[in-house]
Amino acid sequence: HLTIRDLLTMQTCGYTPWWMTHEEPDRVRLYMHENESKIPGGMLWEYDSPGSQVLSVLVERLSGMSLFDFLNERIFRKLGAFSTATILKTRTEDSFGDSAMLCTARDMAAIGRFVMNYGKWNGEQILNEAYIRAATTVQADNDLCGFDDYEAQGYGYQFWCLHDGFWFNGMGNQLTVCIPGKDLIMVINSDNQGYEHGAQVALMSAF
């Protein structure tokens, strides 16, 4: 079985077929019924984008709202950001919660500042501070090869961790890097798909 925490920390080992070409249009059904992992949840970290999609659909089912409307009502609107943003839909009209928000670099910087403020904006505590502190610190060991590179310093709740901060990593290395001790936020709105070392090159420029 899998828990929400397993999904948040990507300790799922979710080996599912490539959904873009699979005949099953429902990504959650595909994830639940075609998962080939033999490893119990919570045992081992491995990047699992479809698991993040399951989390997105859970938000939509439980709230009765689209993922964007849910986030906009509770966070984005209060930041004065994401006014032109959107999230693409799957074949079953679920939001692509793992890889398809279209937004600006300014939006990314705003959410980076919000998280680096641990959920506070203009004096209002919008999200629980304890949760965000946990989310942005190491909850799972993702150093699978024994090399302390930028992508192997730990994983939180959907956040990549650094020894002195954390970062958001979108498809194609759309990055928001947050280093609280330096009061530094670096945003890159790019598309490096196919270039496996793109994130490392970008992160090196932050230090």
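The values are calculated or read from the model by the stated rules, or taken from the named source; none is laboratory data. In this text the structure is predicted, and so the values were computed from the model without any measurement. Because the Cβ atoms are built from the backbone with ideal geometry, glycine has one as well, and the counts that use them run over all protein chains shown. Ligands, DNA and RNA are stripped out before the accessible areas are found, and what is left, the full protein with its side chains, is counted by its heavy atoms. Shrake-Rupley method; radii C 1.70, N 1.55, O 1.52, S 1.80 Å.
What the table below lists for this structure:
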quantity	calculated
The chain, dipole about Cα centre (Lys/Arg Cβ +1, Asp/Glu Cβ -1), debye to the nearest 20	740
Rg in Å to one decimal, and Dmax rounded to a whole Å, for the range 58-207 via C-alpha atoms	15.6, 43
The range 125-176: C-alpha gyration tensor shape, a/c 1.5 cut-off, then a/b vs b/c	oblate
Residue (of 147, 157, 100) at the positive-pole extreme of the range 83-207, dipole from beta-carbon charges	100
Heavy-atom accessible area ranking, 1.4 Å probe, most first, across 147, 168	147, 168
Rounded FRET efficiency, nearest 0.05, which uses the C-beta distance separating residue 182 from residue 20 and R0 of 41 Å	0.60
In Hz, Karplus ³J(HN,Hα) per residue of the range 13-27 (6.51, -1.76, 1.60; θ = phi - 60°; x = Gly, Pro)	6, x, 7, 10, x, 5, 5, 5, 10, 7, 5, 7, x, 8, 5
Sequence-distant residues sharing a close amide H with residue 162 (under 5 Å, placed H)	167
Sequence of 103, 161 when ordered by accessible area, the most exposed leading, probe 1.4 angstrom	103, 161
Residue-averaged 222 nm ellipticity for the chain, from DSSP H runs of 4+ at -39500 (n - 2.57), nearest 500	-8000 deg cm²/dmol
³J(HN,Hα) computed for each position of the range 91-102 - Karplus, 6.51 cos²θ - 1.76 cosθ + 1.60, integer Hz, glycine/proline x	5, 9, 6, 7, 6, 6, x, 9, 7, 9, 8, 9
FRET efficiency, 1/(1 + (r/R0)^6) with R0 22 Å, evaluated for residue 104 and residue 125 via beta carbons	0.30
Largest to smallest accessible area among 182, 38, 89 [probe 1.4 Å]	38, 182, 89
Label-point separation, residue 143 to residue 91 (7 Å along Cα→Cβ), nm	4.2
Relative contact order, percent, the chain [alpha-carbon distance under 8 Å, six or more residues apart]	14
Low-density loop cleavage sites - GluC sites (Glu not before Pro) in the range 88-136, where at most 10 other Cβ are within 10 Å (DSSP)	93
The range 1-120, dipole about Cα centre (Lys/Arg Cβ +1, Asp/Glu Cβ -1), debye to the nearest 20	660
Theoretical gain in end-to-end length, residue 171 to residue 78 [0.36 nm per residue, Cα-Cα removed]	30.9 nm
